[in-house]
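Notes follow the structure.
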Amino acid sequence: MRPAAWLTWGALAFFLLNLVGVVGAVLVNSFSTQWFGTWWPNGLTTAWYAEAWREYNLFDVLLVTLQVSVAVVVISVLIGVPTAYALARRDFPGKKLLNLLFLLPILMPPMTYGIPLATVLYKFHLAGSMTGVIVANLVPSVPFVVLTMTPFIEQIDTKIESAARMCGARTSAVLTRILAPLLIPGILAASILVLVRTVGMFELTFLTAGPDSETLVVSLFYSVSAAGIRAQQTVDAMAVIYTASMLVLLVIALRFVNPTQLVTRLKEHD
Amino acid sequence: MTATATTTSATPALRHRLAERGVDRLLLLLVPGTVFIALLFLYPFLYGLQLSFQPNTGGPLANYERFFTDAYLRDTIWITLRLGLPAALFNVLASIPIAYRMRGKFRGKRLITTILVVPITLGTVLTAEGLIEYLSPVGWFNKILLGLGLVDEPVRLVHNYWGVLFSLIITGFPFAFLLTLSYLSGIDPSLERAAATLGASPRQRFRHIVMPLLAPGLAVTFCLSFVLAFSVFPSAIMVGEPQGSTHVISIAAYNTAFRDFDYPMGSAVAMIMAVVMLLVIGLVLLWRTTLYRGATGGKG
Amino acid sequence: MSDRFTELTIDGVRRVFGEQVALRGMDLTIKGGEFVALLGPSGCGKSTALNCLAGLLPLSGGRILVDGERIDQLPPEKRGFGMVFQNYALFPHMSVRRNIAFGLAMRKVAKAEQARRVEEALRLVQLGAHADKFPGQLSGGQQQRVAIARAVVMEPPLVLMDEPLSNLDASLRLEMRSEIRRLHQSLGLTTVYVTHDQEEALALADRLVVMRDGEVQQVGTPQEVYAQPVNRHVAGFMGYRNLLPAVVTATDGEHVTVTAEGVALTGVNRNGPSSGEAVVAVRPEDFAVLAPSAPPQADELRAEVEIVEYHGREQAVEARLPGGRAVHLRTTERLAPGDAVRLRVPVERVLVFAP
């Protein structure tokens, strides 16, 4: 197995090396005064960041991103947690179908339901505004909260709820005094994951955003499409800002959740 | 039994019979979620489906006929599969040996995991920009190849099929790796130790113990990786050749719906996309049903 | 609802899970201050009965009355009973003190009174030193004490215990058993205790309710149930490990003579048949091993020793009868595998049941 081990680590090192190259190229370019065809740029500057901030109205874009993400997180938690609780605790006719329905928006490519969704939102004059962006982003987020919360809920022994009832706690007391405190870690994990996913969600926002409701990813994409008018470095500076904010979110997320949860918590339904 | 007794006992009995089937007031908690998913997922999807059968011109199936007779549209399926399948396959296969070596506890494990997770933060745009600059004829990659004398002239790796594939690997590999790792750590390590005491070599242990228990998880990992790769959209535009070799199905759907404003046709393309994706996933999951899917003895 | 009652009546309580009948019409009257143990193998309906009493499971039929007042429609939080769960079910996010105080807080007991009663309960279960720890920091035995303190701190009219000792190791189980008995004697709280361990039930309860297949088999004091089981199932559960098929040959008042394993045995008739097939029940410790020199007896069983387990002063022996059936006995004689033994049981120790 030794050669196999070396091969594995070698391949991993090769992958990481190229990754550093890819990220490094953007990072270096965003700080370079001028860089073409050489190993290293002629000089370094932070001017492009100031220019990107000004040119692309980054303050407004970041504000929109923040507003959209926070709204999506709050609403999807409010809808998703009760749903996850009922799905985890009860076995009823049609539960399998409902489970599938809550799995599909995570499984399907966003484009497949995004295009009909955007069409419907345009029909009701919701698209092209922040409301439309929030509504569209909720579609995969609510199921994602359900999926993330389910294991957290299942690990709370129903006997603990019974014990609270035996102590004289009514339903409201069971919810606020027992379930809520025990579910806080799960809700935090789900929230931060939804936040990361919403900030990074391109397709749905792209399909529903208007000029005043672009989030950072979409704005970034448009700036690339409009390249040529502005210096490449400003686009790179913006991309670095995006990645840096995602990285901050991710570092926070990793404090609360196991990295494997960043992907999904797919519960086996068979 | 008297009539009054029957009526008084009927109410709790019905409630009990419903509760027996899991139907009680707690299910009210499902109402917001169900209404939401019906209104914002199911309804638009069905609306899109019926819209696709109401083309701007021609009979109900005209959109679908147009898709399959127009080579430029029809080929998007093949182009997307040619990108999605290899990318998903590579991401899953590459994850297995790396995840396999990361099962136990060792120094630096957290660091490596974190580094492997970082590409999730890159987003498609930075990845695309990075690939364009890193792999460009005058970029670092070609400079190194030329410097080492491996090639005589710069290799062209962006604005074509390869650029998109690399982008799919960079963004998709962390997902596949983390999923595989979580499935692997769900396998009780004492099973491997038990096999070792029975005389199985490391290779045999991997072949006869780990792989059979991991395979169902790998099937799911492959499906999710495939969905991710099959959805490819912005990177196909930025690092690919969106009018040619990377004219993927998402681009076709978007362009017909929001550039040509032919919503019915756009919906039809989206439906075809969903069907192709479900077909591939269905086949993989069908294969999965032939595997052992019981407990893997671990915490997973 | 928290005053002590004089009589709790379980009247024809039924519970059905889908197609499966877990409890088929249970009748039982519990007097105030009593310690009642529900005893039976797993799946016998004892836990279902307890959960129905608690209000955690709705009834499929029947009534539960406390001093003539129906309570079976009340939700658990309105019944005012205390409950100790098998896996303790402590609130993991609350300290020991807050766990115990939870029920008092729910019932809006004044803060000062809460503190006083929690202190008292802590003293009672000897956990004063751990009051500010969290359940995760306690051992199994300590967690169990917290669970008990939480259930009794309100001095509820009825305490329900669902196999509270089954998650503890053997020595701790004995210790906690005496603890529970001591608590019952000092507080006098009416208790219903569910267990599958006959020794535990015998040691703790004033009255035993032996259950099987959702039905009550026998209700009685530990002495009654132990010495006079009503049928072969109760006998088997109360330690009559040897159940041999037999045929009745003669009856004479309370005694009956049967042929079992080719030997004529006389025993006590326990609701057995007056003719035809029957079952003979004998406890392992009631076999006497005859000395090799002893003269042959008409009612002796001959067997060959197969397995010998050392249990200190005694040995547990499994021996094979000529017919191929195994018998279990406990003896202070030193036996070895392969030894031929002659066994005899006093007439009063042989019970004859219907098959």
In this structure, is B:GLY123 farther than 28 Å from A:ALA4 by Cβ, within 9 Å of another protein chain (Cβ to nearest Cβ) and within 17 Å of the chain's Cα centre (by Cα)?
-> yes
Identify the single condition in (1) in a loop (DSSP other than H, G, I, E, B); (2) farther than 20 Å from C:GLU199 by Cβ; (3) not polar (S, T, N, Q) that C:VAL341 does not satisfy, given that it satisfies every other one.
-> (1)
Give, as residue ranges, the helices (runs of 4 or more DSSP H) completely inside the range B:210-300 that count at least 2 residues that are farther than 30 Å from A:ALA127 by Cα, in contact with a helix residue (DSSP H, G or I) (Cβ under 9 Å, 6 or more places away or on another chain) and more than 8 Å from chain A (Cβ to nearest Cβ).
-> B:211-230, B:263-288
Do we have any residue at all in the range A:181-204 that's among the β-branched types (Val, Ile, Thr), more than 24 Å from B:LEU40 (Cα to Cα) and at pLDDT 85 or above?
-> yes
Any hit, the range A:188-206, residues being closer than 30 Å to C:LEU90 by Cβ and over 13 Å from the mean Cα position of the chain (by Cα) = yes
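Could you name every one of the helices (runs of 4 or more DSSP H) located completely within the range B:57-147 that has at least 3 residues being of a type in the set (Phe, Trp, Tyr)?
Working: elements: B:62-69, B:71-101, B:109-117, B:119-135.
Correct list: B:62-69, B:71-101.
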Filtered residue count, the range A:239-253, keeping only those that are at pLDDT below 85 and more than 7 Å from chain B (Cβ to nearest Cβ) | 4
Count of the range C:201-234 residues which are aliphatic (A, V, I, L, M), within 13 Å of C:ALA281 (Cα to Cα) and surrounded by fewer than 23 Cβ atoms within 10 Å (Cβ to Cβ) = 2
B:TYR100 versus (1) within 11 Å of another protein chain (Cβ to nearest Cβ); (2) in contact with a helix residue (DSSP H, G or I) (Cβ under 6 Å, 6 or more places away or on another chain); (3) modelled with pLDDT of 80 or more: which is the lone unmet condition?
-> (2)
The range B:126-145, residues that are more than 7 Å from chain A (Cβ to nearest Cβ) and polar (S, T, N, Q) = B:SER136, B:ASN142
Which of the residues spanning the range A:98-133 are crowded, with 21+ Cβ neighbours inside 10 Å, more than 10 Å from chain B (Cβ to nearest Cβ) and within 19 Å of the chain's Cα centre (by Cα)?
-> A:GLY132, A:VAL133
If you go through the range C:269-288, how many residues are within 17 Å of C:ALA250 (Cβ to Cβ), in contact with a Leu (Cβ under 6 Å, 6 or more places away or on another chain) and not in a strand (DSSP E or B)?
-> 1
Of the residues in the range C:183-200 that are surrounded by fewer than 23 Cβ atoms within 10 Å (Cβ to Cβ) and under 11 Å from C:ILE148 (Cβ atoms), the one that is farthest from the chain's Cα centre (by Cα) is C:LEU187
Give me the pairs: first residue in the range A:30-58 and within 13 Å of another protein chain (Cβ to nearest Cβ), second residue among the basic types (Lys, Arg) and in a helix (DSSP H, G or I), beta-carbon distance under 8 Å, and six or more apart or on different chains, which are they?
-> A:TRP39/B:LYS143
Check whether at least one residue in the range C:304-320 is closer than 16 Å to C:PRO355 by Cα and of a type in the set (D, E, K, R), and report yes or no.
-> no
In the list B:LEU89, B:LEU81, which residue meets the criterion of being in contact with a Ser or Thr (Cβ under 9 Å, 6 or more places away or on another chain) and more than 8 Å from chain A (Cβ to nearest Cβ)?
-> B:LEU89
What helices (runs of 4 or more DSSP H), lying completely within the range B:160-207, carry at least 3 residues that are surrounded by 14 or more Cβ atoms within 10 Å (Cβ to Cβ) and within 13 Å of chain A (Cβ to nearest Cβ)?
-> B:161-185
Looking at the range C:5-22, which of the residues that are part of a loop (DSSP other than H, G, I, E, B) and touching an Asp or Glu at 6+ places or on another chain (Cβ under 9 Å) is surrounded by the fewest Cβ atoms within 10 Å (Cβ to Cβ)?
-> C:GLY18
Taking only the range A:167-192 into account, find how many residues are small (Gly, Ala, Ser), under 21 Å from A:VAL73 (Cβ atoms) and either buried (at least 16 other Cβ atoms within 10 Å of the Cβ) or touching a strand residue (DSSP E or B) at 6+ places or on another chain (Cβ under 6 Å) (or both).
-> 4
Could you tell me whether any residue of the range A:149-166 is buried (at least 24 other Cβ atoms within 10 Å of the Cβ) and touching a residue at least 60 places away in the same chain (Cβ under 8 Å)?
-> yes
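Is it true that C:THR266 is free of Cβ contacts under 8 Å to residues at least 40 places away in the same chain, polar (S, T, N, Q), more than 27 Å from C:GLN198 (Cα to Cα) and in a strand (DSSP E or B)?
It is false that C:THR266 is free of Cβ contacts under 8 Å to residues at least 40 places away in the same chain, polar (S, T, N, Q), more than 27 Å from C:GLN198 (Cα to Cα) and in a strand (DSSP E or B).
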With the checklist (1) within 12 Å of chain A (Cβ to nearest Cβ); (2) touching a Phe, Trp or Tyr at 6+ places or on another chain (Cβ under 6 Å) in hand, flag the one item C:VAL153 doesn't pass.
-> (2)
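The values are calculated or read from the model by the stated rules, or taken from the named source; none is laboratory data. Given the structure is predicted, the values throughout are model-derived calculations rather than measurements. Here Cβ is always computed from backbone atoms with ideal geometry, including for glycine, and neighbour counts include all displayed protein chains.
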